[in-house]
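Here's the structure, in structure tokens; my notes come after.
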Amino acid sequence: MAGRRTGQADDSERPVLVWFRDDLRLADHPALHAAASAGTVAALYVLDPAQGGGAQMWWLHHSLDAFARDLARHGVRLILRRGRAGDIVPEVAKSVGAASVQAIVSPLPWLREADRGVGARLEVPLQLHVGGSLVDLSQVRAGSGRPYTVYSPFARAILKSGPPPAPLPVPVLRAAEVGAVASDQLDDWGLLPKRPDWAGGLRGMWTPGERGAAARLEAFLEDGLEGYDRARDMAGDENGTSHLSPHLRWGEISPRQVWHALGDRQGSDAQRFRAELLWRDFAANLLMQRPELPERALRAEFERLPWRRDAGALADWQRGRSGIPIVDAGMRQLWHTGWMHNRVRMIVASWLTKHLLIDWRGGAAWFLDTLVDGDLASNSANWQWVAGCGTEAQPFFRIFNPLTQARKFDADGAYVREWVPELAKLPDRWLHQPWAAPEAVLGAAGVRLGEDYPRPAIGLDEGRNRALAAFGRHVKGHARAAAA
Ligand SMILES: Cc1cc2nc3c(=O)[nH]c(=O)nc-3n(C[C@H](O)[C@H](O)[C@H](O)COP(=O)(O)OP(=O)(O)OC[C@H]3O[C@@H](n4cnc5c(N)ncnc54)[C@H](O)[C@@H]3O)c2cc1C
């Protein structure tokens, strides 16, 4: 072979470096596939110092641990490095003698910037593959050639083009010799909480890693999919939704795998579930075209809304002490498990941004710190949706009434009783509105309002009227200014 004779390996013998990001899996991994068919495989994960979110870092630790063991079963060692990807990826590519670097496209602005930096500094090609979304989002375009900013036409366009590509199997891997390449120890990254160790509830609920993801999907197909269309809104129904979000967030399973696992099931349950997966793609599509999504209201008139600065009310909301039982149940579920039911996410976000008139960015930041599925695209898009300031948003005058919502979606009170146990003995009639309960009822249930459990910072009607006035004034003021 020419390479041997000249002392230079030809490309089929040179390792290919797979740069893993939010795609910690072996199956349906187009970048890993490309690497496996081109040569021997080296694997790298780079932790950027700016990456954050306590609960996310807990997940990342366990996910990397599981992934490194899965790779090791194929003889491949996962190289771990911490620092700026723009410096580290070219350095590691050089030290393994890589013929190319393969990775999966990310919608995250900082990773897209890192891709540009790495691409500019690499002496070999950086090849990006579609693998984190159902379809190639750069190709989903309206007739005008522009990307979609509204969900329904976006989803229709994807559905019209048929099912997303079928998932790829785990490839046969030949490991590159990387024994001499420096790698950090995962434990030294200190991703797990120590003092205090707040992760007990997370450990009890989740199994990060590709196997954990596959088990979740299987359980959902067996026990959750049937009836999903209705049960998905019921806060206390543990099998009502798939709980796949953190696994999807970290790429331990791909959306295509989930989509194709449904097979050709039709009916409202399967259709609704597919629609939710499409919401995930839609959020990624928004972040790709509007990288400012996490920081700025997409509808400019909302950018200067006079939000109230109320650190005390924000802290009470965060700690599950707002005085609204359904809100507090959600916030405590979030703190304890790193996850919150979707319906309740909407209710707590609406209470914060409308009734309390607190900037959606404060709520979004808390979610990103405490959610194990904290995802910049889905989180920002959903917060903007609830606050009414996104391109695809509910109008500002639609304000969730937490009492009506609780009575509908936690009708038997099981959810509030689980997460707000100090109210558990209240009869159903008063459970969701202890502030209105007669003293005798509170006394019989052992609830001392204002002591064991707080009163809300503002009444439901008062908060709603204040929000309508503030939003209305502002939106009208903006419309007048725009017309002038
Ligand atoms: C204020 C707010 C913040 C949110 N922040 C996040 C976040 O940081 N990360 C995140 O993954 N989801 C977020 N969501 C969306 C949604 O709440 C979660 O995806 C869902 O609760 C996850 O539970 P599940 O996997 O059981 O969902 P299922 O009902 O089983 O849905 C299946 C999958 O579809 C996707 N999906 C479902 N609903 C949505 C949605 N509204 N938007 C985007 N994708 C969706 C998720 O990937 C989910 O795993 C947020 C919603 C709100 C209202």
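Summary of computed values
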quantity	calculated
The one condition in (1) within 9 Å of the ligand (Cβ to nearest atom); (2) among the charged types (D, E, K, R); (3) farther than 21 Å from LEU298 by Cα; (4) under 12 Å from the mean Cα position of the chain (by Cα) that ASP375 fails to fulfil	(3)
Meets criteria (of a type in the set (Lys, Arg), touching a residue at least 12 places away in the same chain (Cβ under 8 Å), away from the ligand (no atom under 12 Å from the Cβ) and surrounded by 22 or more Cβ atoms within 10 Å (Cβ to Cβ)) for ARG211	no
The listed residue being in the same structural domain as GLY263 (by TED's automatic domain parsing), among the small types (Gly, Ala, Ser) and in a loop (DSSP other than H, G, I, E, B), out of GLY212, GLY179, GLY143	GLY143
Close pairs from segment 143-154: first under 18 Å from ARG299 (Cα atoms) and open to solvent by 60 Å² or more (accessible area, probe 1.4 Å), partner in a loop (DSSP other than H, G, I, E, B) and not β-branched (Val, Ile, Thr), Cβ under 6 Å, at least 6 apart	VAL150/GLU392
Options PRO306, PRO246: the member that is assigned to a loop (DSSP other than H, G, I, E, B) and touching a residue at least 40 places away in the same chain (Cβ under 8 Å)	PRO306
Checklist (1) away from the ligand (no atom under 13 Å from the Cβ); (2) open to solvent by 20 Å² or more (accessible area, probe 1.4 Å); (3) modelled with pLDDT of 95 or more applied to GLN266, failing item	(3)
Residue in segment 106-123 that is farther than 30 Å from GLY263 by Cβ and touching a Phe, Trp or Tyr at 6+ places or on another chain (Cβ under 6 Å) present	no
Looking only at segment 221-243, and only at residues there that are in a helix (DSSP H, G or I) and not small (Gly, Ala, Ser), the one that is farthest from the ligand (Cβ to nearest atom)	GLU222
Residue within segment 169-184 that is in contact with a helix residue (DSSP H, G or I) (Cβ under 6 Å, 6 or more places away or on another chain), touching a residue at least 24 places away in the same chain (Cβ under 8 Å), on the phi < 0 side of the Ramachandran plot and among the charged types (D, E, K, R) present	no
Residue pairs meeting the criteria (Cβ under 9 Å; at least 6 apart or on separate chains; first in the same structural domain as TRP58 (by TED's automatic domain parsing), in segment 330-348; second of a type in the set (D, E, K, R) and open to solvent by 20 Å² or more (accessible area, probe 1.4 Å))	none
Residue check for ALA444: touching a residue at least 40 places away in the same chain (Cβ under 8 Å) and of a type in the set (Gly, Ala, Ser)	no
Residue list for segment 193-208, filter: open to solvent by less than 60 Å² (accessible area, probe 1.4 Å) and away from the ligand (no atom under 16 Å from the Cβ)	PRO193, ALA199, GLY200, GLY201
Those residues of segment 347-376 which are surrounded by fewer than 23 Cβ atoms within 10 Å (Cβ to Cβ), among the aliphatic types (A, V, I, L, M) and touching a Lys or Arg at 6+ places or on another chain (Cβ under 9 Å), in sequence order	LEU357, ILE358
Sole exception among (1) free of Cβ contacts under 8 Å to residues at least 60 places away in the same chain; (2) within 30 Å of ASP22 (Cα to Cα) for ASP461, by number	(2)
Any hit, segment 311-322, residues being in contact (Cβ under 8 Å) with a residue 60 or more places away in the chain, in a helix (DSSP H, G or I) and not assigned by TED's automatic domain parsing to the domain that holds ILE104	yes
Scan of segment 331-345 for residues that are open to solvent by less than 30 Å² (accessible area, probe 1.4 Å) and near the ligand (Cβ under 9 Å from one of its atoms), ordered by number	TRP339, MET340, HIS341, VAL344
Options VAL135, VAL76; residue that is within 19 Å of the chain's Cα centre (by Cα) and part of a loop (DSSP other than H, G, I, E, B)	VAL135
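The values are calculated or read from the model by the stated rules, or taken from the named source; none is laboratory data. Not measured: the values here are computed from a predicted model. A quick note on method: Cβ atoms are made from the backbone with ideal geometry, for glycine too, and the neighbour counts reach across all protein chains shown. Only protein heavy atoms, including side chains, enter the accessible area calculation; ligands, DNA and RNA are left aside. Shrake-Rupley method; radii C 1.70, N 1.55, O 1.52, S 1.80 Å.
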